[in-house]
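Worksheet for the structure shown next.
The values are calculated or read from the model by the stated rules, or taken from the named source; none is laboratory data. What you see is a predicted model; the values in this text were computed from it and never measured. Because the Cβ atoms are built from the backbone with ideal geometry, glycine has one as well, and the counts that use them run over all protein chains shown. Note: accessible area is taken over every heavy atom of the protein model, side chains too, but ligands, DNA and RNA are not part of it. Shrake-Rupley method; radii C 1.70, N 1.55, O 1.52, S 1.80 Å.
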Amino acid sequence: MRALGAARPLGIEGPVHRWHLRDHWSAELVALDHDIIRVRFKHDRRYRLDRTWTVAPDGDVPWEGRPRDALDGFPLPPMARAETGRSVFLDTEKVRLVVHHDPFRIVWADRRTTRVFARDRATQPYGADDARGDIAHHMARLPGDRHFGLGEKSGDLDKTGRRLRTLNLDALGYDAETSDPLYKSWPVLICRTEGAGAYALLYDTLATSAFDLGCAFSNYHEPYRSFEAEDGDLDYYLVYGPEIRAVQTRLTRLLGGVAFPPRASLGYIGSTMAYTDAPDAQAQLTGFLDRAAAERMPATVFQMSSGYTLIGDKRCVFTWNRDRVPDPEGLAQTYADHGVVPAPNIKPCLLTEHPEHDALAAAGAFVGTTDGEPVVEQFWGGTGAHLDFTNPYAIRWWQEQLTVSLLSKGFPATWNDNNEYEIWDRGAMADGFGRPFPLHLARPLMAVLMTRASVEAQRAHAPGKRPFAISRSGGPGIQRYAQVWTGDNATSWKTLRYNQRMGLGMALCGMVNMGHDVGGLVGPEPEPELLVRWVQNGIVHPRFCIHSWNDCADDAPITEPWMYPAVAEEIRVAFGLRYRLLPYLYTLLWQAHRTGEAILRPTFYDFEADPRTFDPCDEAMLGPSLLIAPVMEPGARRRTVYLPRGPAAWCCFHTGERYAAGRTVAVPAPLDLLPLFVPEGAMLPLSPYAGPRAAGADDRRQLALFPPASSGRSVAVLFDDDGESVLDGPGRHRLTRVYLDANADRLAISLSTEGGYRTAYRALEVVLPPGETRPVAGAERWAEGWRIPVD
């Protein structure tokens with residue numbers, strides 16, 4: 001690989017500032033907004049792949065991709081420009097750039113404070129191998145830099161000192177502390193500097209790449225970090241905060257935002273491979289509904305594993321094994337009658353024994369070689385070929401089969417699985433919608449487009465309803481369509497701890513609707529205490545799913561929430577808490593859809609000014625108003641928690657007890673309790689019910705107040721709709737803002753609303769902490785205290 005070397009200014013073309021580099025290379029720089037700067041490189045004024053499916057300022061991109069040169073959807077503010085013989089100075093309202101010419105390198109500073117927050121390495125910052133296509137970008141590692149992001153990555157939240165790859169693998173049973181790579185490719189790095197703010201770097205390539213965050217050292221260069229890709233384009237976006245929250249929300253919107261699935265997606269998602277693999281699968285699947293109801297651990301979604309598609313021992317997508325499931329329509333109706341959404345497993349690889357394999361091969365619907373033959377790779381149960389979701393024929397076939405085989409039979413959701421596309425033939429080609437390109441330039445794209453195809457088929461089948469899709473793999477853009485999870489984890493206390501940290505890293509990068517397989521997919525069954533603590537952790541994630549494969553062994557127990565009668569009540573309590581929190585969770589999901597804001601996030605997201613929030617820990621914030629402190633160690637019955645500086649005090653969610661902010665406290669953590677804390681002044685919308693309720697029966701709503709001890713003001717929001725319809729008009733939803741004005745003598749509450757949706761509940765029932773005696777102005781007395789009419 002050779003350095004791109006010195007630069008010569010070529011002037012300005014519209015909003016684009018251009019430089020000439022060595023051997024027909026050029027660099028271009030454009031301010032997309034005052035806080036988003038794009039830097040892109042071309043060879044002979046061309047890209048390696050002239051389209052992107054990653055950047056979507058308008059919420060999505062065309063199926064065939066967004067032209068890489070496109071600048072629409074951005075305000076494109078002009079940059080003030082000044083030149084010297086050796087440098088060019090460029091200013092937006094938020095960022096100042098100094099572009100040095102020998103070598104070509106950029107220094108980034110806050111426009112207001114002039115503090116440098118990032119700079120390229122002084123020596124050989126950019127490189128390329130013109131023959132092989134390799135590209136590289138090296139930046140200086142500044143003292144105190146912290147590195148977050150890269151999506152689904154193992155280990156601690158701060159990745160400083162590690163070298164990590166972006167490559168999708170089916171990493172069954174991975175080590176959540178050390179394994180790399182995993183299921184998703186996410187070339188997004190978030191850096192938080194020592195005193196100069198935070199920024200993100202989005203590298204717009206889906207080729208296999210590596211990030212070195214201080215693992216490598218060189219005698220010939222200053223301390224540095226690097227991005228290297230095996231092929232593709234060197235085209236990156238810098239998003240400046242300076243706050244981490246601003247970086248995360250801005251970045252998420254740059255990637256096209258977050259899907260807004262139906263409310264049912266936030267309930268308990270049941271799943272196990274044992275049911276559908278059983279000879280009497282239909283009886284097992286319906287039995288789950290009865291058992292969940294009897295145990296008072298109700299589900300709202302059930303993931304149907306792929307056993308329903310078995311032909312012999314081969315799993316063949318969009319087929320039904322009628323011996324195992326004799327009446328699919330009846331099964332779907334039974335689930336609908338119980339208010340549970342079934343989400344069947346679907347896979348993009350067709351084994352060579354699949355009844356449709358040969359016809360699809362003849363139609364050229366698979367990822368193929370340059371001579372058009374399908375690329376056959378190892379897959380679950382044999383060898384097969386992967387559908388090419390850049391081929392319109394393959395997309396149509398997929399959507400037609402999904403509609404006929406599943407949607408029309410009453411299965412409205414999709415579980416898009418095994419979509420890592422482990423195709424290692426360097427000659428494999430994607431159709432590219434009639435403009436073929438090597439698959440290795442964009443392997444993760446296939447999972448994104450597979451899921452998009454599923455979602456659009458779901459939307460076409462039920463045009464008034466919001467689709468719900470789940471995906472295991474993907475790259476940037478998957479969050480526009482699907483809820484995601486951290487793949488096939490292993491059962492252990494370590495996995496419980498590091499899965500949470502993985503999820504927080506995913507949320508910082510835009511994958512805010514995420515979760516984990518509670519209890520672990522593979523390995524021994526979780527011991528009772530581990531299952532309880534894992535369920536407690538799962539209920540405060542956007543996705544709460546108990547799933548396992550360990551039950552496929554002969555006589556092995558199925559991982560179900562009621563598997564241990566001795567701790568069933570503790571798990572039942574956790575389930576009840578999940579459903580009580582549902583109004584708050586649903587509001588957070590809507591806010592994520594509207595603004596990109598993370599749902600479950602590190603404590604530094606909300607309290608960045610407190611340096612202790614950057615220490616490794618097992619606490620997190622669920623939205624702005626709930627600090628979670630799950631227990632991660634066996635035998636622990638007390639929990640040490642650091643309560644960040646920021647609010648005047650913190651309150652125990654369960655007892656109302658106040659604690660000083662900025663202190664570490666030790667609190668009780670019996671097996672039936674998840675420690676939760678609320679910042680003083682916060683208000684939480686809750687349900688009094690310990691299970692799901694249909695919109696028409698959701699007739700009560702609580703408002704839990706944690707008022708200031710003396711005086712203060714705060715605002716909370718509550719989002720309501722019917723839980724499933726497309727939000728295509730003001731009558732489809734209602735947004736309630738609750739204002740609290742407290743002083744030593746009284747608590748005053750007022751409401752404002754927008755939207756015409758009429759809820760089944762007619763008042764907000766005020767829940768006060770024990771010992772709170774101040775009257776509530778703006779509320780009326782009722783048998784259980786105070787309530788506020790909503791109309």
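Of the residues making up region 121-142, those that are in a loop (DSSP other than H, G, I, E, B) and farther than 13 Å from GLY232 by Cα are ARG121, ALA122, THR123, GLN124, PRO125, ARG141, LEU142. For the criterion of being out of contact with any Cys (no Cβ under 7 Å at 6 or more places or on another chain), open to solvent by less than 40 Å² (accessible area, probe 1.4 Å) and modelled with pLDDT of 95 or more, PRO675 passes. Does TYR220 satisfy the condition of being open to solvent by 20 Å² or more (accessible area, probe 1.4 Å) and of a type outside the set (Lys, Arg)? In short, yes.
From the list LEU164, LEU182, the one residue that fits, being among the hydrophobic types (A, V, I, L, M, F, W, C), within 29 Å of SER548 (Cβ to Cβ), open to solvent by less than 10 Å² (accessible area, probe 1.4 Å) and part of a strand (DSSP E or B), is LEU164. Remark: pairs (first residue in region 135-159, touching a residue at least 12 places away in the same chain (Cβ under 8 Å); second residue surrounded by fewer than 20 Cβ atoms within 10 Å (Cβ to Cβ) and of a type in the set (Gly, Ala, Ser); Cβ separation under 6 Å; 6+ apart in sequence or on different chains) = ALA136/GLY127; ARG141/GLY214; SER154/SER179.
Filtering region 143-185 to residues that are among the hydrophobic types (A, V, I, L, M, F, W, C) and farther than 17 Å from GLN500 by Cβ leaves LEU164, LEU167, LEU169, ALA171, LEU172.
The rows are residues; the columns are (1) farther than 17 Å from THR208 by Cβ; (2) under 25 Å from the mean Cα position of the chain (by Cα).
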| residue | (1), (2) |
| --- | --- |
| LEU406 | yes, no |
| ASP425 | no, no |
| GLY432 | yes, no |
| HIS440 | no, yes |
| VAL448 | no, yes |
| ARG452 | yes, yes |
| ALA457 | yes, yes |
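Just to verify a result, which residue in region 678-721, among those that are buried (at least 18 other Cβ atoms within 10 Å of the Cβ) and among the aromatic types (Phe, Trp, Tyr), is nearest to THR753 (Cα to Cα)? Among those residues, the one meeting the criterion is PHE719. May I ask you to list the residues in region 505-529 that are part of a helix (DSSP H, G or I) and either open to solvent by less than 10 Å² (accessible area, probe 1.4 Å) or at pLDDT below 95 (or both)? Residues satisfying the conditions are GLY505, MET506, ALA507, LEU508.
Restricting attention to region 81-91, the residues that are touching a strand residue (DSSP E or B) at 6+ places or on another chain (Cβ under 7 Å) and free of Cβ contacts under 8 Å to residues at least 12 places away in the same chain add up to 2. Only one entry in PRO279, PRO242 is open to solvent by 30 Å² or more (accessible area, probe 1.4 Å), part of a loop (DSSP other than H, G, I, E, B), out of contact with any helix residue (DSSP H, G or I) (no Cβ under 9 Å at 6 or more places or on another chain) and within 28 Å of GLU597 (Cβ to Cβ), namely PRO242. May I ask you to list the residues in region 646-666 that are touching an Asp or Glu at 6+ places or on another chain (Cβ under 8 Å), open to solvent by 20 Å² or more (accessible area, probe 1.4 Å) and not in a loop (DSSP other than H, G, I, E, B)? Listed by number, the list holds a single entry, ARG658.
Restricting attention to region 726-752, which residues are out of contact with any Gly (no Cβ under 6 Å at 6 or more places or on another chain), in a strand (DSSP E or B) and either open to solvent by less than 30 Å² (accessible area, probe 1.4 Å) or free of Cβ contacts under 8 Å to residues at least 12 places away in the same chain (or both)? Matches in region 726-752: THR736, VAL738, LEU740, LEU747.
Within region 166-184, residues that are free of Cβ contacts under 8 Å to residues at least 60 places away in the same chain and more than 24 Å from THR205 (Cβ to Cβ) have Cβ atoms under 6 Å from residues that are part of a loop (DSSP other than H, G, I, E, B) and not aromatic (Phe, Trp, Tyr) in these pairs: THR178/SER154, counting only partners at least 6 apart in sequence or on another chain.
For ALA118, the test of being crowded, with 20+ Cβ neighbours inside 10 Å and not in a loop (DSSP other than H, G, I, E, B) is passed. Scanning region 293-322 for residues that are of a type in the set (A, V, I, L, M, F, W, C), part of a helix (DSSP H, G or I) and in contact (Cβ under 8 Å) with a residue 40 or more places away in the chain turns up just one, ALA293. The conditions of being touching a residue at least 60 places away in the same chain (Cβ under 8 Å) and either acidic (Asp, Glu) or open to solvent by 30 Å² or more (accessible area, probe 1.4 Å) (or both) are met by LEU76.
Restricting region 451-467 to residues that are out of contact with any strand residue (DSSP E or B) (no Cβ under 6 Å at 6 or more places or on another chain) and within 11 Å of ASN416 (Cα to Cα), the residue that is most open to solvent (accessible area, probe 1.4 Å) is ARG452. Annotation note: of ARG580, ARG543, the sole residue that is under 23 Å from THR451 (Cβ atoms) and basic (Lys, Arg) is ARG543. The C-beta contact set for region 659-683 (first residue without any contact (Cβ under 8 Å) to a residue 24 or more places away in the chain, second residue hydrophobic (A, V, I, L, M, F, W, C) and assigned to a loop (DSSP other than H, G, I, E, B), distance under 7 angstrom, 6+ apart or interchain) comprises ALA661/ALA648. Here the strands (runs of 3 or more DSSP E) wholly within region 323-393 that include at least 1 residues being open to solvent by 10 Å² or more (accessible area, probe 1.4 Å) and farther than 16 Å from ASN419 by Cα are 341-346.
Yes or no, residue by residue, for (1) over 19 Å from GLY256 (Cα atoms); (2) open to solvent by 50 Å² or more (accessible area, probe 1.4 Å); (3) of a type in the set (Ser, Thr, Tyr); (4) in a strand (DSSP E or B):
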site	(1), (2), (3), (4)
ALA31	no, no, no, yes
VAL39	yes, no, no, yes
ARG48	yes, yes, no, no
PRO57	no, no, no, no
LEU71	no, no, no, no
LEU90	yes, no, no, yes
ARG96	yes, yes, no, yes
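Number of residues in region 9-29 that are in contact with a Leu (Cβ under 7 Å, 6 or more places away or on another chain), open to solvent by 20 Å² or more (accessible area, probe 1.4 Å) and within 15 Å of ASP91 (Cα to Cα) equals 1. May I ask you to list the residues in region 289-318 that are touching a strand residue (DSSP E or B) at 6+ places or on another chain (Cβ under 6 Å) and not aliphatic (A, V, I, L, M)? Selection gives PHE302, GLN303, SER305, SER306, THR309, LYS314.
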